[in-house]
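Engineer: I'd like to ask you about the structure that follows.
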Amino acid sequence: MNFKLNEEQKMLKEMVRHFAENEISPVAKELEQKREFPSTLIKKLAELGLMGMSVPEKYGGSETDSLSVSLVIEEISRVSPSLAVIFSVHSSLFCYSISKFGTEEQKRKYLPKAAEAKILGAFSLSESEAGSDATALKTSFVKKGDKYILNGIKTWVTSGKNANAFILFAKHKTASEKRKLSAFIVDKDSPGLKITKVEDKMGLHSSMTSEITLEDCEIPSSNILGNEGQGTKIAFHCLDYSRIGIASQSVGLASRCLEEAIKYSTQRQAFGKNISSFQTIQFKIADMSTQLDASRLLAYRAAYLADQGQPFSKESAMAKLFASEAANKIAYEALQIHGGYGYSKEFLIEQLYRDARALTIYEGTSEIQRIVISRYLLR
Ligand code: CAA
């Protein structure tokens, strides 16, 4: 068993660490506080060739292995969990789904621009009464000539306000079968599409999670992704893949929490000593580090399986479940180590603690991951 990254992966990780420290880190806190979308940073990620990591070379991307995508998400998340989820959705949901299920025409139309960040992509499945039970969604479509007409309200769309195009799921107006979804590529400027709300969230403030209203929204019939009725499989397959990214986002956030806890504990004095000299702090640090390593290994294994073309659905659910829960525990302990200062906005740990809370919820709650995992074991 080889636990080592190859030379290219090591260089990529170092390059992104350097970029994260020098370009993202200096502005990340202000973007969060001002609730500003990181448009400039996204352009810079494109200049580094990172926005096209899930885009084949033929369409202007670098089509890198999944483990490399995980490394990039981890490094970005270490300094900006908001930018990490924006990147992850663009790369692992939008670009990945078009690369995998798109027609030649769709690939040519969307992927080169997505690799250059001239198109930022998003993914729109959830609705107010269809979150975990995704196939209960109500957004409908009908075909009229060479157009599809969509009606409904989509919720919780990461980057919704700022994205240029969405992979959006709907069901046929007369569909009798609850589970049969269809997937569409919907441009932001389609007639009848409006961004009707930006969620006022607990954390991840520079990622603009939005509601989209479709009122007789018209899209070309050539913008269906896959065939009518194939959307359920597309949605669940793409989510299986992108959950590796959320595991990696969790790893990046948790690693920063651990770093901050170690730094603080080696500086903060109590009872005449650094608090790191107390066993109660040492044990916390040891447990946090062990959970972090286990999370990282689960994420890498899921990415490795995807790269080998082997089944990875159970393993990506395990990685997402474990890493997101661990990130919350690690953020909790890191804040605890900071004591009262951890509760102050002056210290980064306060933000990371809030940001971590989304990880066990989006792209399938922990409860959904347990359903996915247990189905593989019990079927
Ligand atoms: N890959 C491909 N196809 C799959 C699949 C997979 N992993 N899992 C199921 N399917 C197929 C099934 O074969 C079935 O196909 P047929 O109808 O042809 O038989 C169909 O999908 C329905 O499958 P199930 O009967 O198993 O579906 P279910 O309704 O019981 O639900 C579930 C299963 C796992 C609970 C699923 O609903 C699920 O994952 N829910 C969570 C949804 C989710 O993650 N939402 C997050 C949205 S994105 C987001 O967070 C916002 C963002 O911007 C980040």
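A quick yes/no check of all residues on (1) surrounded by 17 or more Cβ atoms within 10 Å (Cβ to Cβ); (2) over 17 Å from Q249 (Cα atoms):
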{"residue": "P26", "(1), (2)": "no, yes"}
{"residue": "E32", "(1), (2)": "yes, no"}
{"residue": "K43", "(1), (2)": "no, yes"}
{"residue": "E47", "(1), (2)": "no, yes"}
{"residue": "L50", "(1), (2)": "yes, no"}
{"residue": "T64", "(1), (2)": "yes, yes"}
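Engineer: Also, quick follow-up: Report whether or not Y362 is within 14 Å of the ligand (Cβ to nearest atom), in a loop (DSSP other than H, G, I, E, B), out of contact with any Phe, Trp or Tyr (no Cβ under 6 Å at 6 or more places or on another chain) and not polar (S, T, N, Q).
Structural biologist: yes
Engineer: Sticking with this structure for a sec: Sort out which residues of the stretch 197-223 are outside any loop (DSSP other than H, G, I, E, B), within 23 Å of the chain's Cα centre (by Cα) and of a type in the set (V, I, T), and write them in order of number.
Structural biologist: Across the stretch 197-223, the qualifying residues are V198, I212, T213.
Engineer: Only one of these conditions is not met by K113: (1) within 19 Å of D189 (Cα to Cα); (2) in contact with a helix residue (DSSP H, G or I) (Cβ under 8 Å, 6 or more places away or on another chain); (3) more than 16 Å from the ligand (Cβ to nearest atom). Which number is it?
Structural biologist: Failed condition: (2).
Engineer: If I filter the stretch 131-155 down to residues being within 13 Å of the ligand (Cβ to nearest atom) and surrounded by 19 or more Cβ atoms within 10 Å (Cβ to Cβ), which single residue comes out as nearest to E215 (Cα to Cα)?
Structural biologist: Top of the filtered list is K154.
Engineer: Okay, moving on. Given the residues K161, K233, which is the only one that is touching a strand residue (DSSP E or B) at 6+ places or on another chain (Cβ under 6 Å), surrounded by fewer than 20 Cβ atoms within 10 Å (Cβ to Cβ) and of a type in the set (K, R)?
Structural biologist: None of the other options fit; the residue is K161.
Engineer: Filter the stretch 1-34 down to residues that are under 20 Å from the mean Cα position of the chain (by Cα) and β-branched (V, I, T) and give me whichever is nearest to M208 (Cα to Cα).
Structural biologist: I24
Engineer: Right, another one. So for the stretch 35-45 (the condition being part of a loop (DSSP other than H, G, I, E, B) and β-branched (V, I, T)), does at least one residue qualify?
Structural biologist: Checking the stretch 35-45: not a single residue is part of a loop (DSSP other than H, G, I, E, B) and β-branched (V, I, T).
Engineer: Could you list all residues from the stretch 1-33 that are assigned to a helix (DSSP H, G or I), without any contact (Cβ under 8 Å) to a residue 40 or more places away in the chain and among the charged types (D, E, K, R)?
Structural biologist: Once the filter is applied, which keeps residues that are assigned to a helix (DSSP H, G or I), without any contact (Cβ under 8 Å) to a residue 40 or more places away in the chain and among the charged types (D, E, K, R), the stretch 1-33 yields E7, K10, E14, E23, E30.
Engineer: If you don't mind, another one. Take the residues in the stretch 68-125 that are surrounded by 24 or more Cβ atoms within 10 Å (Cβ to Cβ) and aromatic (F, W, Y), then tell me which one is nearest to D293 (Cα to Cα).
Structural biologist: Here the answer is F87.
Engineer: Being free of Cβ contacts under 8 Å to residues at least 60 places away in the same chain and among the basic types (K, R) is the filter here; which residues of the stretch 35-60 pass it?
Structural biologist: K44, K58
Engineer: What do you reckon, is E259 surrounded by fewer than 23 Cβ atoms within 10 Å (Cβ to Cβ) and touching a His at 6+ places or on another chain (Cβ under 8 Å)?
Structural biologist: Taking the combined requirement at face value, the residue does not satisfy it.
Engineer: Mind telling me which of the residues K345, K329, K314 ends up being within 14 Å of the ligand (Cβ to nearest atom) and charged (D, E, K, R)?
Structural biologist: Just one listed residue meets the conditions, K314.
Per-residue answers, yes or no, for (1) within 16 Å of the ligand (Cβ to nearest atom); (2) not charged (D, E, K, R); (3) not assigned by TED's automatic domain parsing to the domain that holds A323:
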| residue | (1), (2), (3) |
| --- | --- |
| E32 | no, no, yes |
| F37 | yes, yes, yes |
| K43 | no, no, yes |
| M51 | no, yes, yes |
| D65 | no, no, yes |
| V69 | yes, yes, yes |
| I73 | yes, yes, yes |
| F87 | yes, yes, yes |
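Engineer: Need pairs with beta-carbon distance below 6 Å; first residue farther than 12 Å from V198 by Cβ and within the stretch 144-163, second in a loop (DSSP other than H, G, I, E, B); sequence gap 6+ or separate chains.
Structural biologist: Pairs found: G152/K138; G152/T139; A163/L120.
Engineer: Just need a number here: residues in the stretch 235-266 that are more than 16 Å from the ligand (Cβ to nearest atom) and either among the charged types (D, E, K, R) or under 30 Å from F184 (Cα atoms) (or both).
Structural biologist: Qualifying residue count, the stretch 235-266: 4.
The values are calculated or read from the model by the stated rules, or taken from the named source; none is laboratory data. Remember, it's a predicted structure, so these values are computed and weren't measured experimentally. Cβ atoms come from the backbone with ideal geometry, glycine included; neighbour counts cover every protein chain shown.
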